[in-house]
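What follows is a short report on a single structure.
The values are calculated or read from the model by the stated rules, or taken from the named source; none is laboratory data. Owing to the predicted nature of the structure, the values given are computational and were not obtained by experimental measurement. Cβ placement follows ideal geometry from the backbone for every residue including glycine, while neighbour counts extend to all protein chains displayed.
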Amino acid sequence: MSNTKNLEQSRPIFPFTAIVGQEEMKLALLLNVIDPKIGGVMIMGDRGTGKSTTVRALVDLLPEIKVIANDPFNSDPDDPELMSEEVREKLKQKEILEVINKKIPMIDLPLGATEDRVCGTIDIEKALSEGVKAFEPGLLAKANRGILYVDEVNLLDDHLVDVLLDSAASGWNTVEREGISISHPARFILVGSGNPEEGELRPQLLDRFGMHAQIGTVRDPQLRVQIVEQRASFDESPLEFRENYNDSQSELRQKLIEARELLKEVEIDYEYRVKISEICSELNVDGLRGDIVTNRASKSLAAFEGRNQVTAQDIFRVIPLCLRHRLRKDPLESIDSGDKVREIFKKVFAF
């Protein structure tokens, strides 16, 4: 088992900054790293458009976080909301806990995963015989404060998607069995990808993803050649290929760290907030999630570009990603490409 793990860790990942095109998908992922409260991103696109390559490339850029050593939930030493009950108890008892730095984790959720594997299990025998809450953490525990990636999310069992979205929205996972209940923090960025030909997600599930990125096959022949050549050189000598991108990767990593810091200072004018809600209202967007996500994503974009004030241009760039999957549509129509959203934006903002 450990050999497989080491092999996976040493297997080079395609550099994020080497990915050509697909700007919409890259932007949505980066904004979620800056502000995980955006609520994740759903990436829909044709087969072979680099969806999973891009998501996995994000791992390299993820900044480090402080965690309690040997804790299966990546508990935050400074935030009780992101601590397991055990850690909270130990801190109450004034125990000194070792704190280490660890890269933000990214967990892959396999398609055939069972609910026990995802949520964790309670060992009832041990609980009854020894009187302890014997809990075997699942993937949601590992994903706390990290990214949970589900490839082909539209093929995942609906019940499991509900479980994931509930945890992502509440930030907690609760496992109950035979009257024993255990809760732990499960705050993660949910990233789903899928091919629209294999079926869309139910609208109420789609709405729970903060952003929706659509990607298509690159049509420009020169760009296609560039992508093919890049892939070939990466496959031939991955380490050498990665070295060429060391500087751009470090630069982007630093930019993300600074943006996460700057985010709390970013402001969005009241007038702009009203206009965002006006657009949501004109588009008949149900609920307020669209308004909230657009505000958050605009602030993240401003922080990413090193500014502490949101501009109308920031909103224009993120609003299609935040609203296109929330529009009411004819069941036979596919999700809007964003044109309808941009049209209303221009009208409201007199752009």
Legend entry - Extreme residue, modelled with the lowest pLDDT, among residues of segment 281-293 that are part of a helix (DSSP H, G or I) and out of contact with any Leu (no Cβ under 7 Å at 6 or more places or on another chain): R289
Inset, instruction - For R145, state whether it is crowded, with 17+ Cβ neighbours inside 10 Å and of a type in the set (K, R). - result: yes
Legend entry - Among the residues listed as R145, R224, R231, the single one being within 25 Å of L27 (Cβ to Cβ), of a type outside the set (F, W, Y) and in a loop (DSSP other than H, G, I, E, B): R145
Legend entry - Selected residue [assigned to a helix (DSSP H, G or I) and surrounded by fewer than 23 Cβ atoms within 10 Å (Cβ to Cβ)] from L164, L205: L205
Legend entry - Every residue from segment 75-107 that is without any contact (Cβ under 8 Å) to a residue 40 or more places away in the chain, assigned to a loop (DSSP other than H, G, I, E, B) and surrounded by 13 or more Cβ atoms within 10 Å (Cβ to Cβ): P77, L97
Inset, instruction - Could you check, for segment 120-140, whether at least one of its residues is more than 18 Å from the chain's Cα centre (by Cα) and aromatic (F, W, Y)? - result: yes
Inset, instruction - Check segment 200-215 and report whether any residue there is of a type in the set (V, I, T) and touching an Asp or Glu at 6+ places or on another chain (Cβ under 9 Å). - result: yes
Legend entry - Selection status of L323, buried (at least 22 other Cβ atoms within 10 Å of the Cβ) and either assigned to a helix (DSSP H, G or I) or not assigned by TED's automatic domain parsing to the domain that holds L205 (or both): yes
Legend entry - Pick from segment 112-133, criterion among the aliphatic types (A, V, I, L, M) and exposed (fewer than 13 other Cβ atoms within 10 Å of the Cβ), ranking: modelled with the highest pLDDT: L128
Inset, instruction - Working only within segment 234-272, note down all residues that are closer than 12 Å to L61 by Cβ and not in a helix (DSSP H, G or I). - result: Y245
Inset, instruction - Kindly check whether there is at least one residue in segment 62-76 that is farther than 26 Å from L239 by Cα and within 10 Å of the chain's Cα centre (by Cα). - result: no
Inset, instruction - Please go through segment 55-73 and pick out each residue that is part of a loop (DSSP other than H, G, I, E, B) and under 27 Å from H212 (Cβ atoms). - result: L62, P63
Inset, instruction - Go through segment 40-61 and give me each residue that's over 13 Å from Y149 (Cα atoms) and either in contact with a Phe, Trp or Tyr (Cβ under 7 Å, 6 or more places away or on another chain) or in the same structural domain as A297 (by TED's automatic domain parsing) (or both). - result: D60, L61
Legend entry - Conditions (1) exposed (fewer than 13 other Cβ atoms within 10 Å of the Cβ); (2) modelled with pLDDT under 95: number failed by E265: (2)
Legend entry - Yes/no for Q214 being within 30 Å of S170 (Cα to Cα), under 19 Å from the mean Cα position of the chain (by Cα), modelled with pLDDT under 90 and outside any helix (DSSP H, G or I): yes
